[in-house]
Amino acid sequence: MKKLLLLILTFCFSLTGFAQEKGSVLIKDGTLITITDGNMPNTDLLIEDGVITEIGEDISAPRGVETVDASGKYVMPGIIDAHSHIAGVDINEWTNPVTAEVSMEESINPNDINIYWALAGGVTSIHLMHGSANVIGGQNETLKLRYGTEMDDMRFEDAPRTIKFALGENPTRVHGQGFDVQPRTRMGVEQVIRDHFDAAIDYKRNRQEYLDAKQAYEDGYRSTPPVPVAENERLDVLVDILEGEVLVHTHSYRADEITMLMRVFNDYRIEDYTFQHANEAFKVAPELKKNGAYTSVFADWWAYKFEVYYSTAYNASILNANDVKNSINSDSGELIRHLNHEAAKTVHYGNTSKQDALKMITINPAVQLGIDEKVGSIEVGKHGDVAIWDGHPLSIYSKTLKTYVDGKKYFDRAEDADDMRLKVDAEQEFDEASGRWYNENGRHSETCLRGAEIRFSKQGMKLQGN
Amino acid sequence: MKKTARITVLCFSFLMVCSLHGWAQSSPAEAFKNVTIHTADGNTIKSGTIVWRNGVITNIGKDVSIPFDAYVRDGGDSLHVYPGFIDGHALWGSPDVEENVETPDEPGNPGYGRAGIQPERKPSELLQTDSKALSEAPKKGFTTAALGLKGQMLPGQVDLFFINEKETEDLLLKQGVGITAQLEEAQGQAYPSTTMGVMSQLRQLFNDAEALQQQEHYFASVSSNYPAPKQNKVLEALYPVMDNQQPFYFVVDTKENIERVFELQDELGFEVVIVSGKEAYKKSDELKQRNIPVLASIDLPEEPEWRSDDEDEDQPEITEEMRIFRDRQEEAYKADIQNIAKLIDSGVKVGFASNGLELSDISKNLTVLQEESDLGKEAILRMLTQSTADILGYSNQLGNIAEGRIASFTVFNKPFMEEKAQALYSITDGNLTEFEQESSEE
Amino acid sequence: MMKDTEIIMKYLKSTISACLLVLLLGMSVEAQITQKAEIGKFAITNATIYTVTNGVIENGTVLIENEQIVEVGNDVDIPSEYEQIDASGKQVYPGFFDAGTQLGLQEIGAVAVTNDQAELGDFNPHVRAFTAINPSSASIPVTRVNGVTHVISMPVSGRLAGKATLIDLYGYSPDSMAVTPNAGVHLNWPTSKKGGWWDDRTDEEVDKEYKEDLKKLNDFISRAQFYNKMMTDFENNPSNKEQPDMNKKMQAMREVVKGEIPVIISVDAKSDILNVIDWTKDYPDMQFVLAGVRDGWRVADEIAEAGLPCLVSTLYTPERDYDNYQRPYQNPAKLHAAGVKVAIATGGVENVRNAPYHAGFAASYGLGKQEALNAITINAAEIFGVDDKLGSIEEGKQANLFIADGDPFEPMNHITDVFIRGHKIPMVSRHIQLYQQYLDRGAKTN
């Protein structure tokens, strides 16, 4: 009964979640980069109430719908970043090798100025990921960059649930090296995953047996009451992974650990997973292809730690040539501002076609996040998440002019003001010092302390890491 | 310091408070006459009289007959009597949080205490009676406080006390008014280390408590052949919250954290009182809709320095961007200051909670509130008294000066918000304490 | 000792395994690594030549003989012994110059033992980046095949971090790579501002700390000035003088206080920049260059008036949360417009190869292509006093240039040939080798 009430309650609240503002706009005479259907010069695009309703020539604006002239301009689907930590409060619940129970859904900071800066780079959706300190980390949350709305309204409604796994140096360093807790090695990482999947299978059976027995006892079919098996937040999520309800996105670098995880996933029949970073994915591209695994990689990051020393900026092109569905992600508040140029680097490194380069920041990440039915291309019926560019988006000389989410404009270069903060701290000082401009001690300060550095702050120890 | 130390017993049909020196019905009455009486509803009685006996106000008004056995103090028409202030969530007398805690062997499995899960802790058992706050609070007009404990996510229970220095220990009015909760991670390197971790942990605690409760129930209902439940004080302490017999006193400030509490409330179905709530005004409508009261902090933001800059002094040139920055900063400052006013305006029940704010800052910040926000003196007084009593569930016993109410009030030398206002007498549960006059230089 | 082939035969006989195939593939990589740079006589023909200092020459020719450019122009006779490189449809640029990096000093960020850019101690004018440049760093080929041929590499820790070095990215020893072994001394300016929310010092503490730091710095320099004067006096006329004791740190400061090499001052916040400007006025004999300068656009006029060149980048997030999103991109343009000489400095290590894109963003956001080109070539050369041989495609200058199939600021375009000091560099790097090895793994391998 309580459960039912809860369900009704959740339903009511998810309804209010749908109440965010949606917009309508007619974008005329632009070159539409549809992604899935080539480029269409001098074509109109009509978005009504948040959804693309018409693509064609000479569309006239329905009453009350604003018309935007895009002649000589490019219209492309909003960029989707499959790996981001902007708009997050805490990133790593790093204290345990497995923390599947936590969710970035509860760690959203809708006031982060980085959201606006990303919109100014034509980004409309991000995959807000948990950090990489644990083998099975927290659940991630797919967001739409509805800057200026509330925490709840940032969520991409109906996007599949996803979770972060992490292999290699980060979990072995934090837990094995840092705390003398398994795993200390890549051998241990595999077993931590298997142990927990096995535990989840046992838990599922025991819990169900308990619930059945309880019912039977209450209905009088059983004489002795059962011993309760408590609901377990962590194992519940692992069960959901095994049942295919949660897509796994795994922080990984080396080819061996990538193949290890594919073996494990095959054993547990887990599908539709994505390797994040995957700097050595190029070495096992045929295996990835065979298993239908996806990859989401950096355009050119390497050498910041040992496991990315033997890597190549040609990774994306090799994967693409081997027919592995790959996306280019930012994992950074800086790169997310020009993911289009990160994608352009795949043309530089390995001659990926421009069309494929653009897919890597639109439809491919959408597939990896399970939202490709809704976003990632310009098609009738998809969400009105688009950006207007003053030139070809892969050119360094092109700029985002306007960015729309659900047909509502969230960025307009012509109306761009200096101070776009949503939340002003009454106690902030005007003139603060900054960090050093160069990479200090080999660390990349702009990128969430990539090597999972432990840092001390006023609020105690926090750990981020990618 | 002189004081009259006498403990009385207070009997209500629904409530019994025992004390060590209790004896019945023999106390003489006491009274103040020729005082200005300020009631919580904003009325003022000039040249008034207030009579109390056995800890209860028996008579109040302008022309009141004073019983023959009343010891009378004459205010000479210069003293001001206020209902005793009530602190809805104070940390006075709480042991401090241990610093420099060690990293557990398994940081992911630190055990309840180390994780900050201590709902079984009771202020009444841990109260540090030599705490300075307990002797200073009455001088600031406080006679009652719901005392909580310092800690992390579940620091302990909330117990309601009359405040009277060292005797506070014996003046417990009610144990277990609620349980304090915070979105506060464990100290140092231990689970939970994030807000999302705290939320998951809370859910798991409810799951575990539910299972234990179920097992206890089964164990009690069958005669044999059933394993005995393992006692668990931590989980058992959560039963009253799960059964809606006690609310969580949830300490949160930001809009987003208040939304997180809503989410948890929807899932776990507990009753909740928001404590502190510095940005509660941003969620005032939903608070009202959910009927969640706020025990508001008055730990106000610092006024931006430039607002009080001397114009004669050398100031940096105000650039356009600096001007915009300042405008927005001022806007934010003013909005934060208006928190309580906005909440009251929206129909949210607002009481007061110091929740760690220094006593010396309380009177200072009340003045700022009065000057900078739309809260009038009356509203501030009501918040400190009747409204807090309402939230604590004592609307008919505490919070006002009226016949039949518990005799807890304070006598000041001038209206309490005025400069150099000092408490001369504190009457706590009928017991009078007289304070030494502080020299006027101070 | 067995020969390589014998070893292989031995393996072949014993087993046909995955290891073998990997080994074979490894061998083919080996072959590419041994590809050598060539030096001699080259003629780059039919090219669009961006000389930087003398405009753009369409359909032009560049003649390179040994280390030098011997001729540039439209009507160039190409002697037969010149190896011709047809650059039809391509563009030629002077080698790009990143004026602030740690390239060669760090191999793997998270592996501390491979980090040589941060020495202990506050005042280290005597430690030299030149000493620790690793010519075999995997990052060097990765950088140069993207057209970046020269970098300033600098130590970063403490107050006076040490001497920066100017190197080109071809050579087998620091000595062969160095253009100017000591190119400047790196000073981390002490900030007078609080760091942010994590900084829990009071305003008074911050101010006190700043003043102490500044005093230490001033004391250090005035001791160096004294030391220099004393040594100069002694050197000029040693008779009747007792020889002063040698002081390494002070000795290292002599070229600095004499103004022979610049002090490269890392400074970002507006108030700090203003403090630096004031401070430099106390040392009229010394040379200064600002680096970072992220708030530079706020005080561009003041910087211009002080005549301080700036080493800047563009790909970072705005310094303050209330800044316009474009400020980092616009900073070089705004500084330039005020009259400041700007050069591109990424501050990076393994991705110094992105320096052209820093310049590209600057070009795109107000600086324009020509000025952005200057910023990544001739301006840097001028700032470090090497414009007589670097920074442009001119007769008599060193042959540092590259050929691209389009605008090199565009990430989509490719660099096809690179010359450093006249050496035609093999277009090989770890990244390219791994690409060649793995694009198609070939035989069925597991």
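Side notes on the structure shown:
- Some residue of region A:413-433 being in contact with a strand residue (DSSP E or B) (Cβ under 8 Å, 6 or more places away or on another chain) and either surrounded by fewer than 17 Cβ atoms within 10 Å (Cβ to Cβ) or over 30 Å from C:Pro155 (Cβ atoms) (or both): yes
- The set of residues in region C:66-100 being within 25 Å of the chain's Cα centre (by Cα), over 26 Å from C:Val342 (Cβ atoms) and assigned to a strand (DSSP E or B) consists of C:Gln68 alone.
- Restricting region B:319-343 to residues that are among the aliphatic types (A, V, I, L, M) and in contact with a Lys or Arg (Cβ under 9 Å, 6 or more places away or on another chain), the residue that is nearest to the other protein chains (Cβ to nearest Cβ): B:Ala332
- When each of A:Gly148, A:Gly121 is tested for being on the phi > 0 side of the Ramachandran plot, among the small types (Gly, Ala, Ser), more than 13 Å from chain B (Cβ to nearest Cβ) and out of contact with any Gly (no Cβ under 9 Å at 6 or more places or on another chain), the lone residue that passes is A:Gly148.
Quick grid of which residues meet (1) surrounded by fewer than 24 Cβ atoms within 10 Å (Cβ to Cβ); (2) over 28 Å from A:Tyr310 (Cβ atoms); (3) touching a Leu at 6+ places or on another chain (Cβ under 6 Å):
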{"site": "C:Ala118", "(1), (2), (3)": "yes, no, no"}
{"site": "C:Ala132", "(1), (2), (3)": "yes, no, yes"}
{"site": "C:Ser137", "(1), (2), (3)": "yes, no, no"}
{"site": "C:Pro155", "(1), (2), (3)": "no, no, no"}
{"site": "C:Met177", "(1), (2), (3)": "no, no, no"}
{"site": "C:His186", "(1), (2), (3)": "no, yes, no"}
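Listed here are the residues, each with its yes/no results for (1) closer than 24 Å to C:Gly40 by Cβ; (2) without any contact (Cβ under 8 Å) to a residue 60 or more places away in the chain; (3) surrounded by 18 or more Cβ atoms within 10 Å (Cβ to Cβ).
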residue: C:Ile378; (1), (2), (3): no, no, yes
residue: C:Gly385; (1), (2), (3): no, no, no
residue: C:Gln398; (1), (2), (3): yes, no, yes
residue: C:Arg421; (1), (2), (3): yes, no, yes
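- Selection count where residues are in contact with a strand residue (DSSP E or B) (Cβ under 8 Å, 6 or more places away or on another chain), outside any strand (DSSP E or B) and of a type in the set (Phe, Trp, Tyr), scope region A:374-412: 0
- Boolean, C:Ile420 is modelled with pLDDT of 95 or more, within 21 Å of the chain's Cα centre (by Cα) and not acidic (Asp, Glu): yes
- Among (1) of a type in the set (Ser, Thr, Tyr); (2) within 26 Å of the chain's Cα centre (by Cα); (3) surrounded by fewer than 19 Cβ atoms within 10 Å (Cβ to Cβ); (4) within 14 Å of chain A (Cβ to nearest Cβ) - the single one C:Thr143 does not satisfy: (3)
- Every residue from region C:160-201 that is without any contact (Cβ under 8 Å) to a residue 12 or more places away in the chain and within 12 Å of chain A (Cβ to nearest Cβ): C:Gly195, C:Gly196, C:Trp197, C:Trp198, C:Asp199, C:Asp200, C:Arg201
- Some residue of region B:363-379 being outside the structural domain of B:Thr49 (by TED's automatic domain parsing) and in contact with a Ser or Thr (Cβ under 7 Å, 6 or more places away or on another chain): no
- Filter result (over 18 Å from C:Gly339 (Cβ atoms), among the charged types (D, E, K, R) and buried (at least 18 other Cβ atoms within 10 Å of the Cβ)) within region C:273-302: C:Arg294
- Filtering region C:326-345 to residues that are of a type outside the set (D, E, K, R), surrounded by fewer than 24 Cβ atoms within 10 Å (Cβ to Cβ) and not in a helix (DSSP H, G or I) leaves C:Gln326, C:Gly339.
- Qualifying position, being part of a helix (DSSP H, G or I) and basic (Lys, Arg), among C:Arg320, C:Arg298, C:Arg294: C:Arg298
- Residue that is nearest to C:Ala110 (Cα to Cα) [pool: residues in region A:157-168 that are of a type outside the set (S, T, N, Q) and crowded, with 22+ Cβ neighbours inside 10 Å]: A:Gly168
- Checked against (1) in contact with a strand residue (DSSP E or B) (Cβ under 9 Å, 6 or more places away or on another chain); (2) within 11 Å of chain A (Cβ to nearest Cβ); (3) hydrophobic (A, V, I, L, M, F, W, C), B:Phe206 passes all but condition (1).
- Among the residues of region B:71-102, those that are outside any strand (DSSP E or B) and either modelled with pLDDT of 95 or more or within 30 Å of B:Gly277 (Cα to Cα) (or both) comprise B:Gly84, B:Leu91, B:Trp92, B:Gly93, B:Ser94, B:Pro95, B:Asp96, B:Val97, B:Glu98, B:Glu99, B:Asn100, B:Val101.
- A Cβ distance below 6 Å, combined with a sequence gap of six or more or placement on separate chains, defines the contacts here; from region B:162-176, residues that are in the same structural domain as B:Trp92 (by TED's automatic domain parsing) and more than 12 Å from B:Asp429 (Cα to Cα) reach residues that are among the acidic types (Asp, Glu) and buried (at least 19 other Cβ atoms within 10 Å of the Cβ) in the pairs B:Gln175/B:Asp159.
- In region A:175-210, residue nearest to the other protein chains (Cβ to nearest Cβ) [restricted to those that are within 21 Å of A:Ala255 (Cα to Cα) and in contact with a strand residue (DSSP E or B) (Cβ under 8 Å, 6 or more places away or on another chain)]: A:Val192
- Counting only strands (runs of 3 or more DSSP E) that fall entirely inside region B:376-434 and contain at least 2 residues that are surrounded by 24 or more Cβ atoms within 10 Å (Cβ to Cβ) and within 19 Å of the chain's Cα centre (by Cα), the qualifying elements are B:409-412, B:423-428.
- Residue in region C:262-280 that is assigned to a loop (DSSP other than H, G, I, E, B), within 23 Å of C:Gln225 (Cα to Cα), touching a strand residue (DSSP E or B) at 6+ places or on another chain (Cβ under 9 Å) and of a type outside the set (D, E, K, R) present: yes
- Flag for B:Asn355 being touching a His at 6+ places or on another chain (Cβ under 6 Å) and of a type outside the set (Val, Ile, Thr): yes
- Residue count for region B:160-183 satisfying the condition of being closer than 15 Å to B:Leu238 by Cα and not polar (S, T, N, Q): 5.
- Residues being of a type in the set (A, V, I, L, M, F, W, C) and farther than 17 Å from C:Tyr357 by Cβ - total across region A:319-348: 3
- Within region A:211-225, the presence of at least one residue that is in a loop (DSSP other than H, G, I, E, B), buried (at least 17 other Cβ atoms within 10 Å of the Cβ) and within 14 Å of another protein chain (Cβ to nearest Cβ) is confirmed.
- Residue satisfying all of: in region A:285-306; at the interface with chain C (Cβ under 9 Å from one of its Cβ atoms) and outside any loop (DSSP other than H, G, I, E, B); farthest from A:Pro365 (Cα to Cα) among these: A:Phe306
- Of the set (1) surrounded by fewer than 24 Cβ atoms within 10 Å (Cβ to Cβ); (2) under 30 Å from B:Ala407 (Cα atoms); (3) hydrophobic (A, V, I, L, M, F, W, C); (4) modelled with pLDDT of 95 or more, all apply to B:Leu202 but (2).
The values are calculated or read from the model by the stated rules, or taken from the named source; none is laboratory data. What you see is a predicted model; the values in this text were computed from it and never measured. Here Cβ is always computed from backbone atoms with ideal geometry, including for glycine, and neighbour counts include all displayed protein chains.
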